[in-house]
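Enquirer: My structure is below; once you've seen it, I'll send some questions.
The values are calculated or read from the model by the stated rules, or taken from the named source; none is laboratory data. Predicted model, so just to flag it, every value in this text is computed and none were measured. FYI the Cβ positions are ideal-geometry reconstructions off the backbone, even for glycines, and counts take in every protein chain you see.
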Amino acid sequence: MQALVLIGGFGTRLRPVTYDLPKQLIPIAGKPMLYHALDLLPREVDRAVFATGYKADVIAEYVRAHPHPRLAIRTVPEAEPLGTGGGMRNAGDGIGDPFVLLNSDVISDVNVTALLAFHRERQAYGTMYLHEVEDVRPYGVAALDARDRIERFVEKPEPADAPSRWINAGVHVWAESVLEQIPRGRPVSFEREIVPGILDRGVYGFRSHGYWEDAGTPERLLHAQRLLFDGGRGGASPLPSGASGTGPVAVGRGVSADGGSFGPYVTLSDGVSVRAGAHVENSVLLEGAVVGAGATVRNSIIGPNFEIPPGRHVLDAVLANARPP
Ligand code: GDD
Ligand code: MG
């Protein structure tokens, strides 16, 4: 079975880091959010097609350099961003029946084996994993009937127009023929333009009760990192030599942090340097970032090779050397 993985969007809410790097490659708890999303795919899924938009070449290069241990991956780039539906149509030829559709910014412990079993049992046309949230406004919202059939689906509703608190978790199973419903060669939002019109073919919702987060904003990305570490799915490692404090911390290769201290929930990518007296907590530091002596970094995402001067205090920030194009 194949999975179609949607990898696009400009990552506007994670700028300036995303001026250079697609958000899917930002590491969370030791590895890119994209590879955490792929971890959700069960053994039955052995191939993945990446529908890539923004920075497609950077994704393709990463995949070449870091082959997935289990999945054969094929990337299909878009000449221009086609949206979720347009990306599916562009990349979906030969995807097979049924296929798994996966958003690449979802951090969760949803059980896709159970989702597939549910989908087959109902002989559904499509089945969407649903997660319950308080604030549904940034998501797609589904209303279910007594048999879990989706009766109504509204993408990013006003609160008064939200039919429930159950949202599209970004993990679905679809019949291959759904692709024929999507016009080719122009941007299409699958959630806005296609899903509402195909509900009568038998689209079901499967409720998740585990943890879930869309890592598309700095706050949610750092929350996703805490969920991964707490759920034992983060790459927690011992503190770097000469460092003090508390984990969990994921430490890449060639990290130096002698005399530095760490609060919980930190990713230190390859080549990061944390100088004496500096403190880092609840943050992600990308390759080669430097935290100067005595500086502090809290609740922040620090881009590749960015240097925080000695003694500075960084709080709730996204910092990078990258510039708008
Ligand atoms: N190939 C391609 N091309 N992929 C795209 C494009 C595009 O133009 N635009 C977005 N994507 C990918 C993103 O990388 C992400 O994996 C997925 O499609 C959804 O896009 P987001 O931009 O992250 O959308 P969202 O988070 O606002 O809403 C979506 O996800 C929610 C759950 O996280 C919707 O599917 C909602 O219904 C859902 O609740
Ligand atoms: Mg998203």
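Matching residues to (1) assigned by TED's automatic domain parsing to the domain that holds Val173; (2) free of Cβ contacts under 8 Å to residues at least 60 places away in the same chain; (3) within 14 Å of ligand 2 (Cβ to nearest atom):
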| position | (1), (2), (3) |
| --- | --- |
| Gly8 | yes, no, yes |
| Gly11 | yes, no, yes |
| Pro16 | yes, no, no |
| Asp20 | yes, no, no |
| Leu25 | yes, yes, no |
| Ala29 | yes, no, no |
| Pro32 | yes, yes, no |
| Tyr35 | yes, yes, no |
| Pro42 | yes, no, no |
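Enquirer: Can you pull out the strands (runs of 3 or more DSSP E) entirely within region 269-309 that have at least 3 residues that are of a type outside the set (Lys, Arg) and not assigned by TED's automatic domain parsing to the domain that holds Gly30?
Expert: 279-281, 283-285
Enquirer: Residues in region 196-217 that are part of a helix (DSSP H, G or I), among the aliphatic types (A, V, I, L, M) and in contact (Cβ under 8 Å) with a residue 60 or more places away in the chain: how many?
Expert: Here the count works out to 1.
Enquirer: So which residues in region 195-207 are away from ligand 2 (no atom under 16 Å from the Cβ) and at negative phi?
Expert: Pro196, Gly197, Ile198, Leu199, Asp200, Arg201, Val203, Tyr204, Gly205, Phe206, Arg207
Enquirer: For region 156-166, check the following and say yes or no: at least one residue is assigned to a helix (DSSP H, G or I), of a type in the set (A, V, I, L, M, F, W, C) and without any contact (Cβ under 8 Å) to a residue 60 or more places away in the chain.
Expert: The answer is yes, given that some residue of region 156-166 is assigned to a helix (DSSP H, G or I), of a type in the set (A, V, I, L, M, F, W, C) and without any contact (Cβ under 8 Å) to a residue 60 or more places away in the chain.
Enquirer: Counting only residues that are more than 16 Å from ligand 1 (Cβ to nearest atom) and hydroxyl-bearing (Ser, Thr, Tyr), how many does region 205-239 have?
Expert: Number satisfying all stated conditions: 1.
Enquirer: For Val63, state whether it is in contact with a strand residue (DSSP E or B) (Cβ under 6 Å, 6 or more places away or on another chain), modelled with pLDDT of 95 or more and more than 14 Å from ligand 1 (Cβ to nearest atom).
Expert: yes
Enquirer: Which condition breaks for Gly234 when tested against (1) in a loop (DSSP other than H, G, I, E, B); (2) more than 23 Å from Asp316 (Cβ to Cβ); (3) touching a helix residue (DSSP H, G or I) at 6+ places or on another chain (Cβ under 9 Å)?
Expert: Every listed condition holds for Gly234 apart from (2).
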